[in-house]
Structure formats: structure tokens, C-alpha cells
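K.L.:
Below you'll find the structure I mean.
The values are calculated or read from the model by the stated rules, or taken from the named source; none is laboratory data. Bear in mind the structure is a predicted one, so any value in this text is a computation, not a measurement. All Cβ positions, glycine included, derive from the backbone under ideal geometry; neighbour counts span all protein chains shown.
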2 protein chains.
Amino acid sequence: MAAALDDSVGAFIPGPRTPVAGAPAGPLRGLTFAVKDLYDVAGQVTTYGNPDWGRSHGVAPATAPVVTSLLQAGADLVGKTKTVELAYGLTGENVWHGTPINPAAPDRFPGGSSCGSAAAVSAGLVDFALGSDTGGSVRIPASYCGVFGIRPTWGAVNLAGACALGPSYDTCGWFAREAAVLARVGDVVLPLDADTGLGPLLKVEDAWINADPGTARALGGGLAALEGLLGRALTVEVAPEGLATLYEHFRCAQSEEAWATLGRWIEQAGPAFGPGVKERFAAAKAMDPGKAAAGRAFRRVFTGRMRALLGGGAVLAYPTSPAAAPKLGISLEAQNAVREATMGVTAIAGLAGLPEVTLPLGKVDGAPVGLSLVAAPGRDRQLLALAVQLARAVGLA
Amino acid sequence: MAAALDDSVGAFIPGPRTPVAGAPAGPLRGLTFAVKDLYDVAGQVTTYGNPDWGRSHGVAPATAPVVTSLLQAGADLVGKTKTVELAYGLTGENVWHGTPINPAAPDRFPGGSSCGSAAAVSAGLVDFALGSDTGGSVRIPASYCGVFGIRPTWGAVNLAGACALGPSYDTCGWFAREAAVLARVGDVVLPLDADTGLGPLLKVEDAWINADPGTARALGGGLAALEGLLGRALTVEVAPEGLATLYEHFRCAQSEEAWATLGRWIEQAGPAFGPGVKERFAAAKAMDPGKAAAGRAFRRVFTGRMRALLGGGAVLAYPTSPAAAPKLGISLEAQNAVREATMGVTAIAGLAGLPEVTLPLGKVDGAPVGLSLVAAPGRDRQLLALAVQLARAVGLA
């Protein structure tokens, strides 16, 4: 069990913490956890990363059912972690609460939007932590902070009592330092898999080419170990239209939902936003309906394509992020370039609602990069079991 | 095209209407529709059936993507329809906006919570209408008002920009007078089916026994016609623990979500509620966490059971509601008894996230009752095609 009160990396939201003890017995007894501050915990304010949100929404009268499930399974809740404001950003920056330190690379961003949960797990402050992932908000900070992370099948885990960003993309994901812990949490919150049997292994050429050469090299050993488990990888291309096109469609369709979901509060409360977040919501508000419709239409086509490719049990493998975390202090323009290269890859699972598990299998210039395993919807438990096997095969677990 | 401005049955929310013209071309061109007043339409207040909700939430800055999809497909939006307050009730009563008249049985309740949408379609005021269905809120008013209705696979249709009640149960459904129109709307808003091939037909004995003898008799012809399409029905039992147990687990688990979703607003705004609604939210607030946990656990078991039963393509058939709509003016106690008998049946698809289509195939004492077709998740389009075939077979379409 991890130490509960230390916060050397600034992972938790400022202010006093109110831990909640888990049930005295259960499959997660002995584990501590934290939750991104967009999950309600009864009697506490949910800030969603923004002080004005917290002020205007006040104290939560009930606990999100997914958090209740974890408590009833015996895990102890330590506190609530920082998030990018309204979960709308990938670097992990939060100008109001302070950006958490990336424990695995202190001169770099932690990644976001679930920055505090990734940092808390990476620093060993908790055994696991809940995040949420709409466009990469679990996968990217997991890759950047060198921990395991999962974005489950869309809809597989209950999001009642959690703040929404884009409901048809939002998922409840989580982080752990050990693959086995990642899987044990899944045993509590995930439905049973609908189909069984994973394989063949597909190496997604588009995403490997999109990655920095150093990242691809760093993950070569992980891929080889995966081939030892699933057989030699077949090479596939998933986006002949280009990953940039995937990102563009994702951005347009998801922006429409972000504004439909959060626009009312933004217009009425007129909240102060930090840099980047403000611009993204302004762009969401101004989104051209024709572009959003094209994004929705593309999403249907792409979802059909991925289900056909993966329906028999195939597993995709590719670098979670094209590069290690960007250095602190880079320009907003450089951040946007990273965002674009990154979200072309995260849009694969994001658009199609696929489960994705990232494993901390490489380092570039001393900073972590993750290898992702992706499967058809509903194969989350098998994917977690495969991650446990792979971690063991490379000597991680 | 239906007449747009008449509201002889009180289906629309009070006040001036702001129609929105659809695109000049598209697969739904020439059709008019209405939406339950829990879908946002830009520039309009969404009341969620409760004046205090409308006052405290104000004007919507964006239109729900599902409504935008229908407009872009060419359908003309006529207006917004009444809903039970916060969608939390099955009779269709709304003391603030007035309860819509059931056009098919004016001395009876229209059913809810999507009461206005069912009444508007039944009265011929629009060609189709969006509702939402958490625990029966499309299926029951469709059965009571003698129209076609669908509750799609959970998660299949985008709920961004729609008010939530129980996110892991909520679905966007719709009504039409013709099976073909019901299916055409599905072609616009539903993803492609994941698997194809329906059959065998399973007659759900639990639900037929639960129905009033008159209802079962009235739907016998519909079932026979269905056997003409799918072959002789096999008899199955889906709930050996009893439909009352299904309802009890549904109620406990869904109440937890209702309070986690709406409790904050209710506590802070202190809204006035009509009879029944107030008591249901009070019960949700007081829900025992152990009972909610048991409900969640049962849901997992039941979902696995139904997926195994239906995964090969089987279709369930049973009476949508155990009886025709209750008469206006019956006591709250009698309403609760109807609710319990009804929700044991609606919980089948509700708990397991299954698609359900109801067809107006019978009458009891002159009032409509519906026959339901239910399949595995992701078979919505085939189910709609089967409904078109069945409607044709009985001379309805």
C-alpha cells in the first residue's frame, strides 16, 4: 500500500483532502487509489480543473457509481487529482491548480487531461487512479509518465456522476504501475468480454511511420516480445486517408459535442480559462456544421472499417504517442504541432470506440514512451490479460 | 407531410414554437418531426418538463447532434414536446405543462416519460418524434398511444446535448405511425449492424404470463404473423428469479444513477415537483448503497445471460406493456402497481442494453397494446427491417 498523504509532485488538487475508506474486504482490499477531479464524491466539490466550475456547481450530493464500485471492492480512496480544465487539453497544464510534475521526466509535461492521476501513480502515491479519456486523456499521460493505462471500450464503464466533455467519446479509464493492478481494477468495473480469442497481431504502419524514429526504435523490443506471444505481426494500414485526416474529422465532430455539452455553462458562467483551453472552446463554438457533419459521417465509415478488421480478434500494436512528452516551456504553437501529430494516432481508438491499453515499454532521451495494444470493442479483459503477459515477458511485472 | 401547427392533444410544450427547417434535400426530406423537450435546440430553453429546470438552465447555445443529423437529412423540426419532469415517470402526467391527451384512448394516460412525442405522432401532428428511454419511456407511450416506437441498443445513438437521467440506461428513441418511417429515421441515426441474420423466434413466457389475459389474446395474431416470418416460436423463460426481481434490481441501480446525475441540481435549486416525481427522487436520494450494489451485480449477470441467449441472432417477442394505458384519475397507489408490473418487462431490455421495437398490433377494450421485438445489441437495423415486414404482414403498412 502506497503512502497516502505525500504529494511531492503536485498531483492532487490543492486544499485539504478527504479520504474515503473502502470496504473491509474485497478484491481490491489493500490498494489505494485517487480519482481525477471530474468524478463526484459525495460531500466534496468537483472542480473539473476550473475554479469557476467548482464555485458554480458546489458540493456533490452523491458519489459516482464507478467510484462506489471501487470502494465496495475494498480500495481506499486517497483524494482527487488535477485535470486539465474541463478535460480539454493534452499537455496536462493547469494554470489554476498548478501543473503536476512528471515524475518520470521532471523537465517535461506530464500529459493530460488526466495529469494528476498519471503523476500520482507514477510517483507511487497511490496504487491506481481513475482518469477519463475522450481523445487521449488517459493514454497520453500514461505514455508520458511511464505507467500502464487503459481507455476501455466506449460505454463499458459507467460515467454517471462524472463530468462530460463529448459523451459519445468519453470513457472512464485508469492508470497503474503494474499491469496486474490495471487488470484487477478491470475485473471490478468492466463487463465480461463478449467474444474471446486474441490474434493475429497487426502492426499499424501508419502509426509507426508517424512516430519519431527514436520512439519507434525504443518500442521495437516490446513489439518483438509481443510477437513472441501472438506470432509474427502482419503489417496493416488503417488510415489510407492519412492520420491528419483522422484527427481533423475527430476534432470537428468532437468539438460539436463539446460545445453542445459545455457551451451552456460557458456562456452563462463566463468562466476564466487558461491558455489553450479558452481557444479550443472558442473553436468549438465556431465549428462549421458542415465540417462537423463530415466528421460524423467519416466516423461511421471508420468505425465500420475497424470493426471489420478487428472483429475476428486481431490486436493492433503501435506507439501510444509519436514522441516522449514535450519539454516544459515550449511555445503554444509547438504544443499544437505535438497535439496534431498525437491525436491522429489517438483518434484510431477514439473514433471507433475501441479499447486501448498502453504499456511503458520504451525510453527516448531518458523519457518514457508507451506501446499500445488495441482490439475490437468488448475485448477489454483479454487485452488487459495480454498486457499482463507482455509485461511479464519483458520483465516488468 | 403532417400539419405543423395544430396541437389538439396538447402534445407540445406551452408557448410559441420555433420551427427549424431541414436541409433542402436528404433521405428524410418531406417529413416533419418533433423532439422531446430534453434535447437542446440552439436558442431555445430546454425545460426537461419542469419550469424550474428551464429557468435555471436558460437558453441552449447549441443543438444536440442527433437533432442536427435529422435536420441535415432534410426533416423539418416542428417543435418540442412535453415530457414527464426529468423524464422520471411512466404515466405521462405533467402538472406544469398539462398531461397530453392520448389520441388513441382519450380517457387514458398517454404514457411517459416521452408523452408529448407519442401523442404528437399518434394524433398525426408530425411524421416522427424523438423521445428518450431509460426504463420504458419510449416503449410504454408507444404501446399506450398505438404507434411504432424504438428503444435502440444502449449507446447506439448520440446523447450529447440531451438531459440525462441514468447515463448507463439512457437511450435516444423515436416514434412513428408507419414502420417504414421508423426504419428511415434509423438509417440516419444508427450505426450499421455489427452482425446479421435474425432468428430463431423466442416467445418470452415470463412476460406473456405477466400480461393481462386480454393483452395476451389481443397480441396473439401479431405473434402468429411473426411466426410466419421467422418460423415457429420456441418458448423461453428469461427471468427465473421473477420479473419483480428484475424490476427491483433495475430500480435500485438506476436510482443510484439518477441521484448521482440530478441530485446536485435538485439540492441546489430546490425545484417544485409534481406528485410521484418528487417521491421517486426522494427514494433515489435515500437508496441503500448495498441494494444499489446488488442491482449493479445482478445487471452484469443478467446482461451476460441475455447476450448469450441472443448472440446468435434470436429475437424475443412479448407484450410491450402488460396492459393498455391506465385510466385517467386512478390513484397513485394503483399507478404504482401498474408501474411495477410494467417495469419488470421493460427492465429486460433496459438492464441489458438491448434494442426493442414495439408495434401497435392489438387493442383491449378499444385501447392499444404493443408487441415488442427484442434482439442482441447492435442489431437495431435488422430489428427495424423485421418490424417493417411484420407490419406489412398484418396489413398495417
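K.L.:
Residue A:226 - would you say it is buried (at least 22 other Cβ atoms within 10 Å of the Cβ) and either touching a residue at least 40 places away in the same chain (Cβ under 8 Å) or of a type outside the set (Val, Ile, Thr) (or both)?
P.N.:
Considered against the rule, which asks whether it is buried (at least 22 other Cβ atoms within 10 Å of the Cβ) and either touching a residue at least 40 places away in the same chain (Cβ under 8 Å) or of a type outside the set (Val, Ile, Thr) (or both), residue A:226 comes out as yes.
K.L.:
Out of B:297, B:233, B:272, B:308, report the one residue that is over 22 Å from the mean Cα position of the chain (by Cα) and at pLDDT below 95.
P.N.:
B:308
K.L.:
Just one of B:69, B:56, B:114 is among the hydroxyl-bearing types (Ser, Thr, Tyr) and crowded, with 24+ Cβ neighbours inside 10 Å; which is it?
P.N.:
Working: B:69 fails: crowded, with 24+ Cβ neighbours inside 10 Å; B:56 fails: crowded, with 24+ Cβ neighbours inside 10 Å.
Testing whether each residue is among the hydroxyl-bearing types (Ser, Thr, Tyr) and crowded, with 24+ Cβ neighbours inside 10 Å leaves just B:114.
K.L.:
Pairs under 9 Å by beta carbon, first residue more than 14 Å from chain A (Cβ to nearest Cβ) in segment B:30-50, partner acidic (Asp, Glu) and not in a loop (DSSP other than H, G, I, E, B), six or more apart or different chains?
P.N.:
B:30/B:76; B:31/B:76; B:32/B:76; B:33/B:76; B:49/B:85; B:50/B:85
Quick grid of which residues meet (1) within 14 Å of chain A (Cβ to nearest Cβ); (2) touching a Ser or Thr at 6+ places or on another chain (Cβ under 9 Å):
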{"residue": "B:225", "(1), (2)": "no, no"}
{"residue": "B:228", "(1), (2)": "no, no"}
{"residue": "B:244", "(1), (2)": "no, no"}
{"residue": "B:247", "(1), (2)": "no, yes"}
{"residue": "B:253", "(1), (2)": "yes, yes"}
{"residue": "B:272", "(1), (2)": "no, no"}
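Condition check ((1) more than 30 Å from residue A:379 (Cα to Cα); (2) free of Cβ contacts under 8 Å to residues at least 60 places away in the same chain; (3) surrounded by 15 or more Cβ atoms within 10 Å (Cβ to Cβ); (4) of a type in the set (Gly, Ala, Ser)) across all residues:
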residue	(1), (2), (3), (4)
A:264	yes, yes, yes, no
A:271	yes, no, yes, no
A:281	yes, no, yes, no
A:292	no, yes, yes, yes
A:297	no, yes, no, yes
A:310	no, no, yes, no
A:315	no, no, yes, no
A:318	no, no, yes, no
A:325	no, no, yes, yes
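K.L.:
If you don't mind, another one. Does at least one position in segment A:328-338 carry a residue that is under 16 Å from the mean Cα position of the chain (by Cα) and touching a residue at least 60 places away in the same chain (Cβ under 8 Å)?
P.N.:
no
K.L.:
Among residues belonging to segment A:145-201 that are acidic (Asp, Glu) and at pLDDT 95 or above, point out the one that is farthest from residue A:265 (Cα to Cα).
P.N.:
The qualifying residue farthest from residue A:265 (Cα to Cα) is A:178.
K.L.:
Do the conditions hold for residue A:296, that is, is it more than 10 Å from chain B (Cβ to nearest Cβ) and of a type in the set (D, E, K, R)?
P.N.:
no
K.L.:
Let me ask another. Looking at segment A:73-96 only, could you name the residues that are surrounded by fewer than 21 Cβ atoms within 10 Å (Cβ to Cβ) and not β-branched (Val, Ile, Thr)?
P.N.:
A:74, A:96
K.L.:
Working carefully through the options B:117, B:137, find the one that is more than 14 Å from chain A (Cβ to nearest Cβ), in a loop (DSSP other than H, G, I, E, B), touching a strand residue (DSSP E or B) at 6+ places or on another chain (Cβ under 8 Å) and under 22 Å from residue B:77 (Cα atoms). Give the derivation first.
P.N.:
On the way: B:117 fails: in a loop (DSSP other than H, G, I, E, B).
Selected residue: B:137, the only one of B:117, B:137 that is more than 14 Å from chain A (Cβ to nearest Cβ), in a loop (DSSP other than H, G, I, E, B), touching a strand residue (DSSP E or B) at 6+ places or on another chain (Cβ under 8 Å) and under 22 Å from residue B:77 (Cα atoms).
K.L.:
Of B:283, B:258, which residue is within 13 Å of chain A (Cβ to nearest Cβ) and under 29 Å from residue B:56 (Cα atoms)? Even if it seems obvious, please write down each step before you answer.
P.N.:
On the way: B:283 fails: within 13 Å of chain A (Cβ to nearest Cβ).
It is B:258.
K.L.:
Can I ask one more? Can you name every residue in segment A:352-366 that is touching a strand residue (DSSP E or B) at 6+ places or on another chain (Cβ under 6 Å) and closer than 21 Å to residue A:224 by Cα?
P.N.:
A:356, A:357, A:358, A:359, A:360, A:361, A:362
K.L.:
Now a separate question. Applying the selection to segment B:225-263, what residues are more than 27 Å from residue B:340 (Cα to Cα) and in a helix (DSSP H, G or I)?
P.N.:
Across segment B:225-263, the qualifying residues are B:225, B:226, B:227, B:228, B:229, B:230.
K.L.:
Check whether at least one residue in segment A:25-46 is at pLDDT 95 or above, surrounded by fewer than 21 Cβ atoms within 10 Å (Cβ to Cβ) and touching a Lys or Arg at 6+ places or on another chain (Cβ under 8 Å), and report yes or no.
P.N.:
Scanning segment A:25-46 turns up at least one residue that is at pLDDT 95 or above, surrounded by fewer than 21 Cβ atoms within 10 Å (Cβ to Cβ) and touching a Lys or Arg at 6+ places or on another chain (Cβ under 8 Å).
K.L.:
Still on this structure, I have one more. If you check residue B:81 against the conditions, is it under 16 Å from the mean Cα position of the chain (by Cα) and closer than 22 Å to residue B:142 by Cα?
P.N.:
The answer is yes for residue B:81.
K.L.:
Note down all Cβ pairs under 8 Å where the first residue falls in segment A:162-182 and is of a type in the set (Asp, Glu), the second is assigned to a strand (DSSP E or B), and they're at least six residues apart or on different chains.
P.N.:
A:170/A:132; A:170/A:133; A:170/A:162; A:178/A:148
K.L.:
Within segment A:357-364, is there a residue that is under 20 Å from residue A:177 (Cβ atoms), modelled with pLDDT of 95 or more and basic (Lys, Arg)?
P.N.:
Yes: one or more hits.
K.L.:
Further question: Regarding segment A:55-75, can at least one residue be identified that is outside any loop (DSSP other than H, G, I, E, B), β-branched (Val, Ile, Thr), touching a strand residue (DSSP E or B) at 6+ places or on another chain (Cβ under 6 Å) and more than 14 Å from chain B (Cβ to nearest Cβ)?
P.N.:
No; the residues of segment A:55-75 include none that is outside any loop (DSSP other than H, G, I, E, B), β-branched (Val, Ile, Thr), touching a strand residue (DSSP E or B) at 6+ places or on another chain (Cβ under 6 Å) and more than 14 Å from chain B (Cβ to nearest Cβ).
K.L.:
Consider residue A:99 against the criteria (1) surrounded by 24 or more Cβ atoms within 10 Å (Cβ to Cβ); (2) of a type in the set (S, T, N, Q); (3) not in a strand (DSSP E or B): it satisfies all of them except one. Which criterion is unmet?
P.N.:
So residue A:99 meets the others, but not (1).
K.L.:
Report, by residue number, each residue of segment A:243-262 that is in contact with a Pro (Cβ under 7 Å, 6 or more places away or on another chain) and either among the hydroxyl-bearing types (Ser, Thr, Tyr) or surrounded by fewer than 23 Cβ atoms within 10 Å (Cβ to Cβ) (or both).
P.N.:
A:261
K.L.:
Quick one: is residue A:137 of a type in the set (Ser, Thr, Tyr) and either free of Cβ contacts under 8 Å to residues at least 40 places away in the same chain or farther than 18 Å from residue A:257 by Cβ (or both)?
P.N.:
So residue A:137 fails the test.
The rows are residues; the columns are (1) under 12 Å from residue A:321 (Cα atoms); (2) surrounded by 24 or more Cβ atoms within 10 Å (Cβ to Cβ); (3) of a type outside the set (Lys, Arg).
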| site | (1), (2), (3) |
| --- | --- |
| A:344 | yes, no, yes |
| A:356 | no, yes, yes |
| A:360 | yes, yes, yes |
| A:371 | yes, yes, yes |
| A:381 | no, no, no |
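K.L.:
Something else: Let me spell it out: the conditions are (1) surrounded by fewer than 21 Cβ atoms within 10 Å (Cβ to Cβ); (2) touching a residue at least 24 places away in the same chain (Cβ under 8 Å); (3) within 12 Å of chain B (Cβ to nearest Cβ), and residue A:301 meets all of them except one. Which number is the exception?
P.N.:
Looking at each condition in turn, residue A:301 falls short on (2).
K.L.:
Would you point out the residue of segment A:140-172, among those that are in a loop (DSSP other than H, G, I, E, B) and among the aliphatic types (A, V, I, L, M), that is nearest to the other protein chains (Cβ to nearest Cβ)?
P.N.:
The residue in question is A:160.
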